[in-house]
Amino acid sequence: MNRKNVVSFLQFCFGALILWVRCSHSMEPMSIGAAIGAASVGISYFKGQTYCRLYECCDDRSIPANVQALEKSLQEKVYGQHIAVPNIISALSAHFSSRVKSRKPLVLSFHGGPGTGKSFVADQIAQALYLQGSKSEYVAKFLGRANFAQAAHVATYKEHIDREVHKRLTNCPRSLFIFDEVEKMPSGVFDTLKALLDYNGLDDEIDNTQAIFIFLSNNGGTHIAEHLGNRMKGGKLREDTRLSDYEPLLQKVAYSMDGGLKKTSLIESFVIDHYIPFLPLEKAHVLKCLEAEFQRWKKTPDRNIINDILSSMTYDRIHALFVSSGCKTLDKKVAMAIN
């Protein structure tokens, strides 16, 4: 029996039960209401024990929200991000806390240069929160260059985003929305999201408080590098910098630079909960990326190949401390070198 047939069968069972209850004239109105309620619970339980064991559902099985597994994964696979990793874990842990119910969606804005790990971390979040990871029906990803490239079509884009978010939240309140390449999107494209991301933003029929929205942008990458480089050259250790050193800067940059967040109501209304900086990577961090790539190929790291790749890297023009491309394209360089 395929998925469509299973859904039809469950709908038939529920309809038959409701019809039977309503046709039972001997029941008092209160009894009919109780019976319908019991039937609904029964169908829900039956669905959980049958359909939801075969297919993805908006439940704890399909959405385990394993933040502990995410933390372990990020600690092992993400390099040089002593600010981003713990703060993302803390934000997610608080969002999923059973002690205090969230009153709004969790909204995160990731900023940093290419190759610093923004997209990788967003993908790891999807993998940890959903049984089917990024392939889950409850994970929606939008790409600036591919989906929202024309400034002349802002009105159409706004309607599309609004419609898509409403539809997905109706289908599953625990949805994840990832907007990548925000700097490639036209200004104003997110304005309709303000009401969806704010406190009590939707009507009573749609729960938006369990959702997560993540914006990824290269905007702010050079500002982060300049800020960090100045501090390091002033004698401060990289690991001594904190989130508070960057959040006000990133908020201003996101609001003023070209892109989807420029002069947006999302920033004006303070619905973005955290601006997360992804720091530029130094040579030592890129070396770890290279070694990890060799391990992925189940190969012993070849020092000659690693040295050749490292020697081809370019560094930032201001401080000459950070690899301009971070860990981006290293997988292709290693693949070409060992084949």
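The values are calculated or read from the model by the stated rules, or taken from the named source; none is laboratory data. Everything numeric in this text was worked out from a predicted model, so none of it was measured. Cβ: placed from backbone, ideal geometry, glycine included. Neighbour counts: every protein chain shown. All accessible areas refer to the heavy atoms of the entire protein, side chains included, with ligands and DNA or RNA removed. Shrake-Rupley method; radii C 1.70, N 1.55, O 1.52, S 1.80 Å.
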Rounded to whole Hz and in sequence order, give me ³J(HN,Hα) for the stretch 268-280 from the Karplus expression 6.51 cos²θ - 1.76 cosθ + 1.60, θ = phi - 60°, writing x for Gly and Pro.
-> 4, 9, 6, 8, 7, 6, 9, 9, 9, x, 9, 5, x
Report, as a whole number in µm² per second, the diffusion coefficient that Stokes-Einstein gives for the stretch 139-268 at 37 °C and 0.692 mPa s using the Kirkwood radius over alpha carbon pairs.
-> 204 µm²/s
How big is the convex hull of the Cα atoms of the stretch 282-338, per residue, in Å³?
-> 65 Å³
Selection from SER256, PRO280, SER244 lying farthest towards where the dipole of the stretch 203-302 points positive, charges on Cβ | PRO280
Checking rank on 304-311, 264-271, with mean other Cβ inside 10 Å and highest first, the result is 264-271, 304-311
Counting only DSSP loop positions in the stretch 137-196, the chymotrypsin sites (Phe, Trp or Tyr not before Pro) whose Cβ has at most 10 other Cβ atoms within 10 Å are none
Rg/Rh for the stretch 195-339, where both radii come from Cα atoms and Rh is the Kirkwood radius = 1.09
List the aspartates and glutamates whose alpha-carbon lies under 15 Å from that of LYS263, not counting same-chain residues fewer than 8 positions away?
-> GLU183, ASP191
Computed for the stretch 282-338: size of charge dipole around the Cα centre, +1 on C-beta of each Lys and Arg, -1 on C-beta of each Asp and Glu, debye to nearest 20, value 140 debye
Summarise the long-distance tail of P(r) for the stretch 75-200 by giving the % of C-alpha pairs beyond 23 Å.
-> 37 percent
Take the cross-link list LYS77/LYS101; LYS77/LYS332; LYS77/LYS104; LYS252/LYS332; LYS135/LYS283 and give me the ones stretching past 26 Å between alpha-carbons.
-> LYS77/LYS101; LYS77/LYS104; LYS252/LYS332; LYS135/LYS283
Of the residues PHE294, SER311, LEU321, the Cα lying farthest along the dipole of the stretch 282-338 towards its positive end, which is defined by charges on the beta carbon of Lys, Arg, Asp and Glu, belongs to PHE294
Å² per residue, accessible surface of the stretch 282-338 at 1.4 Å | 64 Å²
